[in-house]
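None of the figures in this text is laboratory data; all of them are computed from the coordinates on show. All of these numbers come straight from a predicted model, not from anything done at the bench. No Cβ is skipped: glycine too gets one built from the backbone with ideal geometry, and neighbour counts run over all protein chains shown.
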Amino acid sequence: MAVVFLVEDDEAIRTELSRLLCRYGYDCRTSDDYANMVDVILRESPQLVLLDLNLPVYDGYCVCRELRRRSQIPVIIVTSRDSDADELMSMNLGADDFITKPYHTQILLARIAAVLKRAYPAAPPQILSHKGLELDLARGVARYRGKSAELTKNEIKILQLLIRNRGRVLSRGELMNALWQTDEFIDDNTLTVNVNRLRRKLEGIGLEDYLITKRGCGYLV
């Protein structure tokens, strides 16, 4: 559940928007401590801040500027000000989006979801599975029926590519192009050595015919 901090001095709007966010699965936090708003926000550690511009003590520009100086928490400006100058100022201060009141609630929710998705992209799975084999990317280990084998960086890359393209023959050129992105030089002979070493390690944990060679074409699992 994402924590959204709402900075809004109009109590009616704050209550309505808080209920809307909670109804759609967000944990909404607010505060009336406008003199120390930035400290309050940082203490709550939200994933997103919805920030009005017309505020007591310090306006939204000051809050946005200080937030951006001290953190990278995404900020969406939600305000009744609708001039291009206000939007430009907000973006220059580091706001991630700018929405004017009155807003359509579904559009607001969509913009919130979009900013959160950009700021916190889903992490790729750390364990890949295929035909009983588990490839633990974080630990660099292949497991099968209680047995495990430690893999080198290039062996992990090769096996990962083959599993992600399961059932399809990957050419030697495709594998070398992918491995070229690492800091180790890969040529045709180096690829052969890595594939053969990976095959032996898989055979050592009981996967005799897991990595298949298609002569003149490439490899698949």
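In whole Hz and in residue order, list the ³J(HN,Hα) couplings for region 206-221 that follow from phi through the Karplus curve 6.51 cos²θ - 1.76 cosθ + 1.60, θ = phi - 60°; x for Gly and Pro.
Once rounded to whole Hz, the list reads x, 9, 5, 10, 6, 8, 9, 9, 9, 4, x, 10, x, 9, 7, 10.
Expressed in nm², what is the orientationally averaged projection area of the convex hull enclosing the Cα positions of region 127-220?
Result: 5.5 nm².
Net charge near Cys22, counting Lys/Arg +1 and Asp/Glu -1 over other residues with Cβ under 14 Å of its Cβ?
+2
Relative contact order for region 60-181: what percent, with Cα pairs under 8 Å and sequence separation of 6 or more?
Dividing the mean separation by the residue count of region 60-181 yields 14 percent.
Run the dipole for region 104-221 about the Cα centre, Lys and Arg Cβ at +1, Asp and Glu Cβ at -1, nothing else charged, and hand back the magnitude in debye, nearest 20.
Magnitude of the dipole: close to 400 debye.
Tell me, what is a quarter of the convex hull surface for the C-alpha atoms of the chain, in nm² with one decimal?
That works out to 17.0 nm².
For Thr100 paired with Leu220, estimate the spin-label separation in nm (one decimal), with each label point 7 Å from Cα along the Cα-to-Cβ line.
For Thr100 paired with Leu220, the spin-label model returns 5.6 nm.
Just to confirm a number: summing +1 for Lys and Arg and -1 for Asp and Glu over residues other than Arg166 whose beta-carbon lies under 15 angstrom from that of Arg166, what do you get?
So the environment of Arg166 carries a net charge of +1.
Among Leu67, Leu116, Leu179, whose Cα sits farthest toward the positive end of the charge dipole of the chain (+1 at Cβ of Lys/Arg, -1 at Cβ of Asp/Glu, about the Cα centre)?
Toward the positive end, the furthest listed residue is Leu179.
Within region 47-65, whose backbone N sits under 14 Å from a point 7 Å along Cα→Cβ of Ala2?
47-51, by backbone N distance to the label point.
Using a basic spin-label model with each label point 7 Å from the Cα along Cα→Cβ, how many nm lie between Thr15 and Ser171?
6.7
By how many nm would the segment from Ser45 to Cys62 grow when fully extended, if each residue of separation counts as 0.36 nm and the alpha-carbon distance is taken off?
Result for the pair: 4.2 nm of gain on full extension.
Taking the Cα centre of the chain as the origin and placing charges on Cβ (Lys, Arg +1; Asp, Glu -1), which of Ala95, Leu202, Leu6 is farthest toward the positive end of the dipole?
Leu202
Taking the radius of gyration and the Kirkwood hydrodynamic radius from Cα positions alone, what is the Rg/Rh ratio for region 3-119, to two decimal places?
Result for region 3-119 is an Rg/Rh of 0.91.
Whose amide H sits under 5 Å from the amide H of Leu137, counting only residues 5 or more places off or on another chain, with H placed in the peptide plane?
Answer set, sorted by chain and number: Ile127, Leu128.
Arranged by the count of other C-beta atoms within 10 angstrom, fewest first, what order do Phe5, Phe98 take?
By the 10 Å Cβ count, ascending: Phe98, Phe5.
Points 7 angstrom from Cα along the Cβ direction at Asp27 and Glu208: gap in nanometres?
So the label points at Asp27 and Glu208 sit 5.3 nm apart.
Between Arg200 and Ser71, what is the FRET efficiency for a Förster distance of 45 Å, r being their Cβ-Cβ separation, to the nearest 0.05?
Given R0 = 45 Å and the Cβ-Cβ separation, E is 0.35.
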